[in-house]
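Engineer: Structure below; questions to follow.
Since every read-out is calculated from the coordinates, none of them should be taken as a lab result. Here the structure is a predicted model, which is why all the values come from computation and not from measurement. When we count neighbours, we look across all protein chains shown, and the Cβ atoms used for this are built from the backbone with ideal geometry, even at glycine.
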C-alpha cells in the first residue's frame, strides 16, 4: 500500500544459527519452532483451552493474506484455526445454488438468519451474475460468513475479504458480536506489500485445486517441480502436508492473473483507503506485517535465506528431472527504494509473535 510503510520486524538469528530451506515443509516446521517456538506453544495452549480469536486481514488483493494464514495454521496447528475467505464463500455458494438440494438448504438458512434490504431471491441473482466489480450487499455477506462459521464449529478465525469497501467498515467494528464471538479478542492484521511484488505474484501465482494453498512459480516454489512435455511448461506440486494431493496435485494458475496488477487497480486503491481509515481506529488491537525490507538494511533485520529469490527452471532430458536455478530478486518498494521481498514464512514469524502479544500471552 503506497505511503503505508510499517515498522521493520527483525527475524535475524545469530552468526552460528542453523539455516532452513523454507520451500520444504519439514524444514519450515523446524524453522518456525526455532524462530517462534515459545509463542507457538503459548498460542496452541490458548486454543486448546477452548479460547478463540477473530483476526481481520487487511491488505491489497494478492498481498498474501491466504498464504500467511495457511502458514500460520501450519506452524500453530490447523485443528483450532480456520481461514475464511469471503470470495471463496461466494464461489462455494454459487456451486450450492447449482443443485436443487443445495439451493433449498441455502434458502432455508437465509430465511432463518438473513436480515437486509433486498429479497433472498434477489441476493441469489446477484451471486449468480456476480463479476469482479459488483459487490454483494453487506447483510448478505454477513449471513454467508455466519453460515460458514457454523459449519466449522468454534474455532479461531482469520477473515479475508471483509471489509471490502468504506461502507463495510462500521460492520467490521462489531464483526465478532455479529458472528457470535462476543467475548473473544479481535484484532486487525494490516499487510504492506510493494505493488511491484503484487504484480509478480499475480503473474506467476499457482493454487492447489484441492486445498487452495497458493504458491508462485517464480517467487515461492514448492519442493517438487513438474514438467509437462506436451505443453513445454513447468508446474508446481502441492506441498501442503494436510492436503490429500500432497506431492501429487498439480497447482494451477487463475484466469486473468497473467495480466498483472493493473486489472485490479481500482480494487487496490479501495483496499488502501479502507486500511488507512482503520489504522486510525482506536480501541482495536493491531498487527502490522511488512513484506519488504530495504536492501541497505536487510542484513540487520533478516537472515539471507528469508529473502525471496526468483526461480527459473530447466528440463534435463537426459536425467528426466527439472533443474532449479535460483537468482537474486530486487524490487523497488512504493517509495522507489531498492528492496528485498521476504519469503512468506519470515512474515508469518512476525504474525505469530505479534498475535501472541495482542492475545496477552
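Engineer: Quick check on the chain: helices-only [θ] at 222 nm, where DSSP H runs of length 4 and up contribute -39,500 (n - 2.57) each and the sum goes over total residues. Nearest 500, please. Numbers along the way, then the final one.
Structural biologist: On the way: 12 runs with 139 residues, N = 361.
Calculated from helices alone, the mean residue ellipticity at 222 nm is -12000 deg cm²/dmol.
Engineer: What do you get for Rg/Rh over the stretch 1-89 if you use C-alpha atoms and the Kirkwood form of Rh?
Structural biologist: Values: Rg = 15.2 Å, Rh = 15.3 Å.
Looking at the stretch 1-89, the ratio lands at 0.99.
Engineer: With a Förster radius of 45 Å, plug the Cβ-Cβ distance of residue 300 and residue 244 into 1/(1 + (r/R0)^6) and report the FRET value to the nearest 0.05.
Structural biologist: 0.60
Engineer: Mind checking the full-extension length gain between residue 263 and residue 88? Use 0.36 nm per residue of separation minus the Cα-Cα distance, one decimal, nm. It would help to have the intermediate numbers written out before the result.
Structural biologist: Details: separation 175, 0.36 × 175 = 63.00 nm, distance 1.95 nm.
Extending this stretch completely gives an extra 61.0 nm.
Engineer: Can you pull the one-decimal nm distance between simple spin-label points at residue 286 and residue 254, each 7 Å off the Cα toward Cβ?
Structural biologist: In this crude label model, residue 286 to residue 254 measures out at 2.6 nm.
Engineer: Hey, could you pull the Cα Rg and Dmax for the stretch 272-361, both in Å?
Structural biologist: In Å, with Rg to one decimal and Dmax whole: 18.2, 62.
Engineer: Most fluctuating residue of 69, 222, 319 in a GNM of the chain with Cα springs under 10 Å: which is it?
Structural biologist: 319
Engineer: Roughly what % antiparallel, to the nearest 5, for the DSSP beta bridges in the stretch 182-313?
Structural biologist: 60 percent
Engineer: Let me ask something additional. Treat each spin label as a single point 7 Å out from the Cα along the C-beta direction, and report the residue 33 to residue 151 distance in nm.
Structural biologist: Between residue 33 and residue 151, the label points sit 3.4 nm apart.
Engineer: Rounded to the nearest 0.05, what FRET efficiency do residue 272 and residue 10 have when you use their Cβ-Cβ distance and R0 = 25 Å?
Structural biologist: Details: r = 26 Å, r/R0 = 1.04.
Plugging the Cβ-Cβ distance into 1/(1 + (r/R0)^6) gives 0.45.
Engineer: Determine, from the Cβ-Cβ distance of residue 230 and residue 49 and an R0 of 51 Å, the FRET efficiency 1/(1 + (r/R0)^6), rounded to the nearest 0.05.
Structural biologist: Given R0 = 51 Å and the Cβ-Cβ separation, E is 0.45.
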